[in-house]
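> Submitted below is the structure of interest, expressed as structure tokens.
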Amino acid sequence: MMPQMHEGRDGSGSRYLALDPRARDIFRTQDTYPPDKPSRRRSGRKVLVVDDQPDALRSTVELFSEMGYDVLQASSGDEAIELLARTPDIEVLFTDVFMPNMDGVNLAREARRLLPGINVILVSGYPASAMDLHGGEPGEFHFLMKPFLMSEVAIVLRR
């Protein structure tokens, strides 16, 4: 069914567009990324998401769930270390850089000590300060700037 434009009955110029829900694909563009909604089917892969900000933690957990990951979450570096120590099959650590007590860079280094093959992604809204704090080898960890897109996370995960 095609969308239909309707005008107000009184001639006042009010106009609205009515769409039949079955017509939503008419407006999908060819270059939309990702082309299809990610599957909620579980991949069996585990990610640990760490952020001290509850809203950021919740939305990132949802993002990884949408991508099919089994998601563990922590609101501090110390909590994350406990999870890493007792869950050896975590494949990805996705952590904010700036957190109280243990920052994301030190958490990432401890995670690599516990699980040498873990894929680490650091995120921050303050890239220059995060890189100063990092002070490590170039390419030691992946880095994304907040706010990030699902497509950016997917690209980093494929590397």
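The values are calculated or read from the model by the stated rules, or taken from the named source; none is laboratory data. Source: prediction; values computed, not measured. Positions of Cβ are generated from backbone atoms using ideal geometry, with glycine treated the same way; all protein chains shown enter the neighbour counts.
> Could you grab me the full set of residues in segment 57-80 that are among the aliphatic types (A, V, I, L, M) and either crowded, with 18+ Cβ neighbours inside 10 Å or in a strand (DSSP E or B) (or both)?
Scanning segment 57-80 gives Val61, Leu63, Met67, Val71, Leu72, Ala74, Ala80.
> Quick one: is Arg42 modelled with pLDDT of 95 or more, basic (Lys, Arg) and more than 15 Å from the chain's Cα centre (by Cα)?
Considered against the rule, which asks whether it is modelled with pLDDT of 95 or more, basic (Lys, Arg) and more than 15 Å from the chain's Cα centre (by Cα), Arg42 comes out as no.
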